[in-house]
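Have a look at the structure below before the remarks.
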Amino acid sequence: MNFDEIIDRKGSHCVKWDMMEKIYGVPQDKGLAMWVADMDFRPPQCIRDAVQAQVDHGVFGYFGDDSKYRAAIQWWMENRHGWSIEPEHIFSTHGLVNGTAMCVDTFTKPNDGIVLFTPVYHAFAKVIKANGRRVVECEMQQTNGRYEMGFDAYDAQMDGSERMVILCSPHNPGGRVWSRAELAGVAAFAKRHELIIVSDEIHHDLVMPGHVHIPMTAIEGIEDRLIMMTSTNKTFNLSGSHIGNVIIADPDLRAKFAARMMALGMSPNAFGLFMVTAAYSPEGAAWVDDLIAYLDGNRRLFDAGIKTIPGLKSMDLEATYLSWVSFEDTGMAREEFTRRVEQDACIAVNHGPTFGKGGDSWLRFNIATPRARVQEAVDRLATAFGDLQ
């Protein structure tokens, strides 16, 4: 795979590139799209071959016999994450935002509180509010430049109306890979307050060298309250397939989720099933290994460039391809540093406040793009903040 290849995505109904001018005012003809969390890379050939085989077949009817699909998921989780799952524990949803919404809808009631450790992926709060539930923001603290959770403070926030906690693991936007002790802390917190745990692990394959992701299932004693969510979408750049997996080991929770899926008449996209089956394979694994090495190079280049600009600081990226950059030390108002990034540097990025408490002085940059574009972004930022040199 040539990750350096520049693929022109403009005019392809691509949210990331075709919508940045409408949403952020960044001109499409000279802008760099570094916001939406998808990559500017083609997926591995095995996935494209699987899709092409279906196109060549030419009949697009209902999908039957998903045993190979489930077996591929089992193989991947066992071989890449040391996690053994049963095929009947797997539910397919229309991506993990849909999976999150389904969990909120199934396991909570209107006005229930749902805990988020903020700042965190903005779609969580959106679906919580859209379902008539309350977002309970437990703000994380920074220690030595990385996020940590403070459960004593969180305990004091709880009023007994909370029913669920949604964990982002690895963390988006901070790039944390949570330690076993931290995951155990989440588990203990959930037990104390009788919370269901929804662990969104969509970035679990995108872990930088030197770090190891631990699935939430590795923590004992929480099977009766744990819902796992995974997907190929971030790993293989398949977000348009809208397929994700909700994996539930507990039979009571599983029965409730199955009943809700049935009530809504939900079934997966056939093309997504073919893509997942092809992706979770030795060829897909080799591609991911190459991808991680490339993303690590992008991370190093981007961080080095950010360090040369006074007032800017990027959080150490342990996982994901989303760099979280603080502008607090510039002394600028949020409107000013955002204007410089979007209007002067012509870079479309995600705004920190959308991620909840703790995000005001931050912007999120997507570095899953050819390295030449990462260098271009660094150069543009250096120019836009040149008066601070």
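The values are calculated or read from the model by the stated rules, or taken from the named source; none is laboratory data. This is a predicted model, so every value here is computed, not measured. For neighbour counting, all protein chains shown are included, and Cβ atoms are generated from backbone atoms with ideal geometry for every residue, glycine included. Heavy atoms of the whole protein, side chains included, go into the accessibility calculation; ligands, DNA and RNA do not. Shrake-Rupley method; radii C 1.70, N 1.55, O 1.52, S 1.80 Å.
Looking at the stretch 90-106 only, could you name the residues that are in contact with a helix residue (DSSP H, G or I) (Cβ under 7 Å, 6 or more places away or on another chain) and either open to solvent by 20 Å² or more (accessible area, probe 1.4 Å) or farther than 19 Å from MET216 by Cα (or both)? Show your work before the answer.
Looking only at the stretch 90-106, we keep the residues that are in contact with a helix residue (DSSP H, G or I) (Cβ under 7 Å, 6 or more places away or on another chain), and these are 90-91, 93, 95, 97, 100-102, 104-106.
PHE91, THR93, GLY95, VAL97, ALA101, MET102, ASP105, THR106 - these are the residues of the stretch 90-106 that are in contact with a helix residue (DSSP H, G or I) (Cβ under 7 Å, 6 or more places away or on another chain) and either open to solvent by 20 Å² or more (accessible area, probe 1.4 Å) or farther than 19 Å from MET216 by Cα (or both).
Just one of ASP289, ASP296 is without any contact (Cβ under 8 Å) to a residue 40 or more places away in the chain and of a type outside the set (Gly, Ala, Ser); which is it? Talk me through it step by step, then tell me what you get.
On the way: ASP296 fails: without any contact (Cβ under 8 Å) to a residue 40 or more places away in the chain.
On inspection, the qualifying residue turns out to be ASP289.
Give the residues of the stretch 2-44 that are touching a Pro at 6+ places or on another chain (Cβ under 7 Å) and surrounded by fewer than 16 Cβ atoms within 10 Å (Cβ to Cβ), sorted by residue number. Outline the logic, then answer.
Step one: list which residues in the stretch 2-44 are touching a Pro at 6+ places or on another chain (Cβ under 7 Å), which gives 3-6, 21, 40.
Once the filter is applied, which keeps residues that are touching a Pro at 6+ places or on another chain (Cβ under 7 Å) and surrounded by fewer than 16 Cβ atoms within 10 Å (Cβ to Cβ), the stretch 2-44 yields ASP4, GLU5, ILE6, GLU21.
Please identify the pairs in which a residue from the stretch 351-370 that is among the charged types (D, E, K, R) and at pLDDT 95 or above has its Cβ atom under 8 Å from the Cβ atom of a residue that is in a helix (DSSP H, G or I) and open to solvent by 10 Å² or more (accessible area, probe 1.4 Å), counting only partners at least 6 apart or on another chain.
ASP360/ARG334; ASP360/PRO353
Identify, please: which residue in the stretch 360-379 is out of contact with any strand residue (DSSP E or B) (no Cβ under 6 Å at 6 or more places or on another chain) and β-branched (Val, Ile, Thr) and is, among those, surrounded by the fewest Cβ atoms within 10 Å (Cβ to Cβ)?
Filtering first and then ranking leaves VAL378.
Can you tell me which of VAL136, VAL127, VAL165 is of a type in the set (Val, Ile, Thr), on the phi < 0 side of the Ramachandran plot and open to solvent by less than 10 Å² (accessible area, probe 1.4 Å)? If you could, list the steps in order and put the result at the bottom.
On the way: VAL136 fails: open to solvent by less than 10 Å² (accessible area, probe 1.4 Å); VAL127 fails: open to solvent by less than 10 Å² (accessible area, probe 1.4 Å).
On inspection, the qualifying residue turns out to be VAL165.
Search the stretch 170-192 for residues that are farther than 11 Å from MET149 by Cα and open to solvent by 10 Å² or more (accessible area, probe 1.4 Å) and pair each with any residue that is of a type in the set (Gly, Ala, Ser) and not in a helix (DSSP H, G or I) when their beta-carbon atoms are under 9 Å apart and the residues are at least 6 apart or on different chains.
What qualifies is VAL177/SER169; VAL177/ALA319; LYS191/GLY221.
Which ones in the stretch 247-269 are in a loop (DSSP other than H, G, I, E, B), in contact with a helix residue (DSSP H, G or I) (Cβ under 8 Å, 6 or more places away or on another chain) and of a type outside the set (A, V, I, L, M)?
ASP250, ASN269
Scanning the stretch 45-73 for residues that are outside any loop (DSSP other than H, G, I, E, B) and of a type in the set (Asp, Glu), which turns out most open to solvent (accessible area, probe 1.4 Å)? Reasoning before the result, please.
Our first condition is that a residue be outside any loop (DSSP other than H, G, I, E, B); within the stretch 45-73, this holds for 45-57, 67-73.
Narrowing the set further to residues that are of a type in the set (Asp, Glu) leaves 49, 56.
Numbers: ASP49: 83, ASP56: 112 Å².
Taking the candidates together, the pick is ASP56.
Quickly run through the stretch 216-238 and pick out the residues that are within 16 Å of the chain's Cα centre (by Cα), among the polar types (S, T, N, Q) and not in a strand (DSSP E or B). Spell out how you get there, then give the answer.
Taking the stretch 216-238 as the starting set, the residues that turn out to be within 16 Å of the chain's Cα centre (by Cα) are 216, 228-238.
Retained after the next criterion (residues that are among the polar types (S, T, N, Q)): 230-233, 235, 237.
Those that are within 16 Å of the chain's Cα centre (by Cα), among the polar types (S, T, N, Q) and not in a strand (DSSP E or B): SER231, THR232, ASN233, THR235, ASN237.
Is at least one residue of the stretch 18-26 part of a loop (DSSP other than H, G, I, E, B) and touching a residue at least 40 places away in the same chain (Cβ under 8 Å)?
To start, the set of residues in the stretch 18-26 that are part of a loop (DSSP other than H, G, I, E, B) comprises 19, 25-26.
Okay, now just the ones that are also touching a residue at least 40 places away in the same chain (Cβ under 8 Å), so 25-26.
Yes, that holds for at least one residue.
List pairs: first in the stretch 241-255 and under 10 Å from GLU223 (Cα atoms), second open to solvent by less than 40 Å² (accessible area, probe 1.4 Å) and at pLDDT 95 or above, Cβ under 6 Å, 6+ apart or cross-chain?
Close Cβ pairs satisfying both conditions: ILE248/HIS89; ILE248/ILE227; ILE248/PHE257; ALA249/HIS89.
If we keep just the residues of the stretch 74-84 that are free of Cβ contacts under 8 Å to residues at least 24 places away in the same chain and polar (S, T, N, Q), which is most open to solvent (accessible area, probe 1.4 Å)?
SER84
Tell me whether the stretch 74-83 contains one or more residues that are among the charged types (D, E, K, R) and outside any helix (DSSP H, G or I). Spell out how you get there, then give the answer.
The initial filter retains those residues of the stretch 74-83 that are among the charged types (D, E, K, R), namely 78, 80.
Those still in the list that are outside any helix (DSSP H, G or I) too: none.
There is no residue in the stretch 74-83 that is among the charged types (D, E, K, R) and outside any helix (DSSP H, G or I).
Do you know which of the residues in the stretch 312-359 that are farther than 14 Å from LEU32 by Cβ and polar (S, T, N, Q) is most open to solvent (accessible area, probe 1.4 Å)?
Per the criteria, the residue is THR354.
Return the total of residues in the stretch 241-275 being buried (at least 18 other Cβ atoms within 10 Å of the Cβ) and either under 13 Å from HIS94 (Cβ atoms) or at pLDDT below 95 (or both).
Going through the stretch 241-275 one residue at a time, the tally reaches 10.
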